[in-house]
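Asks: Take a look at the following structure, please.
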Amino acid sequence: MTSDSIPPRTGLRRLRLLLWFLVGLVLVAMAAMTLMHRSPSVPQAQSTTVQSGFGGPFTLVGADSKPFPSSRLQGKPYALYFGYTRCGDTCPTTLSRLVKLRAVAGRPDALNIVFVTIDPANDGPTEVGQYAGLFNSPIIGLTGSAAQIDAVKKQFGTYAKPEPGAGKGMVMINHTATVLLFDRDGKFTGTITSDEPDSDATAKLKTLTGA
């Protein structure tokens, strides 16, 4: 091979530099494409759906067998309780306590007590009306179709599930026993629980009614 066929060293050096330059361009382009397709990290806002989406308008059936829209409760604070007329002790104890707390907090007409059955198969308008009348103080008894009751239970976060093993003709339902409190505009303001001192519960009702 003659000396004329051997590439000059300067030419080889330039060729190597050109190749490394091209490799660098490819790497830079790949990095840029990766950054462009990567989703930016955006802080997630804290969820407020539990409180803002709680409750809302509904229509059930009153003791007079007529539709009862929740708009009829507007203008006066109310305590909402889910139970059933064949409940052994929890429901009558809770409603009796509510009646007493309402009397201590102020006038009975300053706060509505609303009882919604979770057993529509057995609690029709007549049953909820008669049951509400047992407490010798105004209580609004409401029922509805199974679909209506299921919807309103979900709407107000109420748990209710029949207990297995109940005797023939008996109804036992494990359910939420918390009382829900709403102001005159229908806005959820708090709860009353079974283990809460009466003094604390009365204070909540006085605040709610402005007594």
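The values are calculated or read from the model by the stated rules, or taken from the named source; none is laboratory data. Computed from a predicted structure; not experimentally measured. Neighbour counts are summed over all protein chains in view; Cβ atoms, including those assigned to glycine, are modelled from backbone coordinates with ideal geometry.
Asks: Please find, among ASP109, ASP89, the residue that is out of contact with any Ser or Thr (no Cβ under 8 Å at 6 or more places or on another chain) and either closer than 20 Å to ILE173 by Cβ or hydrophobic (A, V, I, L, M, F, W, C) (or both).
Replies: Result: ASP89 is the single residue among ASP109, ASP89 that is out of contact with any Ser or Thr (no Cβ under 8 Å at 6 or more places or on another chain) and either closer than 20 Å to ILE173 by Cβ or hydrophobic (A, V, I, L, M, F, W, C) (or both).
Asks: Within the range 158-185, can you find the residues that are at pLDDT 90 or above, more than 13 Å from ASP119 (Cα to Cα) and surrounded by fewer than 14 Cβ atoms within 10 Å (Cβ to Cβ)?
Replies: ASP185
Asks: Can you tell me which of (1) touching a strand residue (DSSP E or B) at 6+ places or on another chain (Cβ under 6 Å); (2) within 19 Å of THR94 (Cα to Cα) is the one PHE135 doesn't meet?
Replies: (1)
Asks: Determine the pairs where a residue that is within 9 Å of THR209 (Cβ to Cβ), located within the range 101-113, has a partner that is part of a helix (DSSP H, G or I) and among the β-branched types (Val, Ile, Thr) with Cβ atoms under 6 Å apart, the partner being 6 or more residues away or on another chain.
Replies: What qualifies is ALA105/THR202; GLY106/THR209; ALA110/THR209; LEU111/THR209.
Conditions tested, residue by residue: (1) assigned to a loop (DSSP other than H, G, I, E, B); (2) basic (Lys, Arg); (3) free of Cβ contacts under 8 Å to residues at least 12 places away in the same chain.
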{"site": "GLY75", "(1), (2), (3)": "yes, no, no"}
{"site": "TYR81", "(1), (2), (3)": "no, no, no"}
{"site": "VAL116", "(1), (2), (3)": "no, no, no"}
{"site": "GLY133", "(1), (2), (3)": "no, no, yes"}
{"site": "GLN148", "(1), (2), (3)": "no, no, no"}
{"site": "GLY157", "(1), (2), (3)": "yes, no, no"}
{"site": "PRO164", "(1), (2), (3)": "yes, no, yes"}
